[in-house]
1. Just give me the residues in region 108-123 being buried (at least 21 other Cβ atoms within 10 Å of the Cβ) and farther than 20 Å from L41 by Cβ, in sequence order.
2. Based on what the data block shows, is Q75 under 28 Å from M14 (Cβ atoms) and of a type outside the set (K, R)?
3. Would it be correct to say that V55 is open to solvent by less than 40 Å² (accessible area, probe 1.4 Å), touching a helix residue (DSSP H, G or I) at 6+ places or on another chain (Cβ under 6 Å) and over 19 Å from Y109 (Cβ atoms)?
4. So which residues in region 60-107 are open to solvent by 100 Å² or more (accessible area, probe 1.4 Å) and assigned to a helix (DSSP H, G or I), if there are any at all?
Amino acid sequence: MADLNAIGIVASDMARSIRFYRLLGLDVPDTPGEGHVDATLPSGVRLMLDTEDVVRSFRPDWTRQAGNQISVALQCGSPAEVDELYAQAVAAGFDGEKEPWDAFWGQRYAQLADPDGNPVDLYASL
């Protein structure tokens, strides 16, 4: 059976994307001059960031399209960490989509958008 091993995001601004994910605590290499950045997360899943030029190198007809085709969810250690990371991201100039709230399904939840508009959820058990 296939195993979900990686999440790929096409970054329009590699440096800003790296800064965003590092701010959220992911150990993403600080190599904004690279066309591809690969970070293995503690869960074993890899986060891959590629520039638009890299994607066009193997898909020449690729164009950026608006939409919410992907989202990333980051589990936090506590409800307070959800609030803290959300506040840090917004204070750093990143887009907060929905402020932290206690969701009916038993989690503290917040929603950000990365520099390319991809939804990034923060959550922790209540």
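The values are calculated or read from the model by the stated rules, or taken from the named source; none is laboratory data. Keep in mind it's a predicted model, so treat the numbers as computed, not measured. Cβ coordinates were reconstructed from backbone atoms using ideal geometry, including for glycine residues, and neighbour counts include every protein chain displayed. With ligands, DNA and RNA removed, areas are computed over all heavy atoms of the protein, side chains included. Shrake-Rupley method; radii C 1.70, N 1.55, O 1.52, S 1.80 Å.
1. Passing the criteria: only R108.
2. yes
3. no
4. Passing the criteria: only E84.
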